[in-house]
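Everything below concerns the one structure shown next.
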Amino acid sequence: MKTLMFLLCLVTLSLRAEESRHRVFGLSDPGRELDLREQLKAVPEVELTALDLETAEATFRYDVPNLLPDAKNPPTAEVITKRLDELVKKASKNPVSGHVTFSLKPLSAVPKDQLQKIEIQLGLLDCKGCRYTAYLACAKVDGVENVIVSEASLVTVWVEPSKTDREALIAALKKVRIGLSTP
């Protein structure tokens, strides 16, 4: 009987669970996926169910009453996104520096087939912090949809070609003193 009640509770909870998809700012390299998953353990209201590193898109599952316990009316998508972003930021906030390493952004409005992939070989970036600096430099350029920096110091950037180009990315990297690889 207890097993049956437990299963009924699980089914009821899963019926109430909702999912939404968001871009995750801060997924600078493949190793950051593990960081995100680890930090989200501090957020029991939210479960990361899927993650696409190439598009930096993640699917989160949550129960709205647990996510927004004080909501009087069904929340809008914007309210849910704002709350998820708050929780992700809080979980990824460095207690010493106060810097937040992950946040949520809206999904890209540009179809993937309209994005241009630009690869730039950088000088040696031997730590996560250096790769994150390169990521931030590129991610802040207008028209950039996603950035990944590999352990081999290759930065891969997907851009809207009408808004930015390779030269703008190189300028942004140089501004933060990230050197390019010399052949």
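Every number in this text was worked out from the coordinates using simple rules, so none of it is lab data. Predicted model only: the values in this text are computed from it and were never measured. Every residue, glycine as well, gets a Cβ built from its backbone with ideal geometry; the counts of neighbours run over all protein chains shown.
Can you match Kirkwood radius over Cα pairs in Å to one of these, (1) 16.4; (2) 18.1; (3) 17.3, based on a calculation from the structure here? Working out Kirkwood radius over Cα pairs in Å from the coordinates points to (2). Take 85-93, 142-150 and order them by the average number of nearby Cβ atoms within 10 Å per residue, most first; the result is 142-150, 85-93. Rounded to the nearest whole Hz, the Karplus-based 3J(HN,Hα) values (6.51 cos²θ - 1.76 cosθ + 1.60, θ = phi - 60°) of the stretch 65-78 follow the sequence x, 6, 6, 10, x, 8, 5, 8, 10, x, x, 6, 4, 5, with x at glycine and proline. Considering only 170, 150, 127, the residue lying farthest towards the positive end of the dipole of the chain is 127, judged by Cα position with unit charges set on Cβ. Using C-alpha pairs below 8 Å separated by at least 6 residues, the relative contact order for the chain is 21 percent.
Put simply, when 57-67, 97-107 are sorted by average Cβ atoms within 10 angstrom per residue, most first, you get 57-67, 97-107. The 3J(HN,Hα) values that the Karplus relation (6.51, -1.76, 1.60; θ = phi - 60°) gives for the stretch 145-162 are, in residue order, 9, 7, 9, 9, 10, 7, 5, 8, 6, 9, 9, 10, 10, 9, 10, 7, x, 6 Hz. Gly and Pro appear as x. Over the chain, DSSP H runs of length four or greater, each weighted -39,500 (n - 2.57), average out per residue to a 222 nm ellipticity of -10500 deg cm²/dmol.
Rounded to the nearest 10 degrees, the angle from helix 166-175 to the longest Cα principal axis of the chain is 90 degrees. Dipole check for the chain: with +1 at the C-beta of Lys and Arg, -1 at the C-beta of Asp and Glu, and the Cα centre as origin, the magnitude is about 440 Debye.
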